[in-house]
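Where a number appears in this text, it was derived from the coordinates with a stated rule and is not lab data. Computed from a prediction, not measured in an experiment: that's the story for all the values here. When we count neighbours, we look across all protein chains shown, and the Cβ atoms used for this are built from the backbone with ideal geometry, even at glycine.
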């Protein structure tokens, strides 16, 4: 999966903005001033952190080795996805939309 594709998809979310509040190296995507996605720059495979319903977060972690508790985030409400191919692109897109919707509501 191409890092740029993930960024482009995230930025297609309505009113999505890219910021670097933690300095270079961590791309933070926000809507309504709140974070819904983070990408560690220059990591291969891509590390994508997304907000997630706590019950779904636990289910995904149990099912996929590439879904981990949110790195440097509230581990109850955030997952970090290692985009190694274990999750397919439609699943990643669904999780991006889920995160966006939790924050944008």
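Modelled label positions at residue 98 and residue 34, each set 7 Å beyond Cα in the direction of Cβ, lie 1.7 nm from each other. Normalised by residue number, the volume inside the convex hull of the Cα atoms of the chain is 90 Å³ per residue. Largest GNM mean-square fluctuation across 40, 13, 55, computed for the chain with C-alpha springs under 10 Å, falls on 55. Take the Cα of residue 15, step 7 Å toward its Cβ, do the same at residue 53, and the gap between the two points is 2.2 nm.
Mean-square fluctuations from a GNM of the chain, with a 10 angstrom spring cutoff on Cα atoms, peak among 23, 33, 85 at 23. The range 1-44 and the range 46-86 have Cα centres spaced 16 Å apart. Note on 76, 97: ascending count of other Cβ atoms within 10 Å places them as 76, 97, the fewest first. One decimal place: the segment residue 24-residue 64 gains 11.5 nm when fully extended, by the rule 0.36 nm per residue minus the C-alpha distance.
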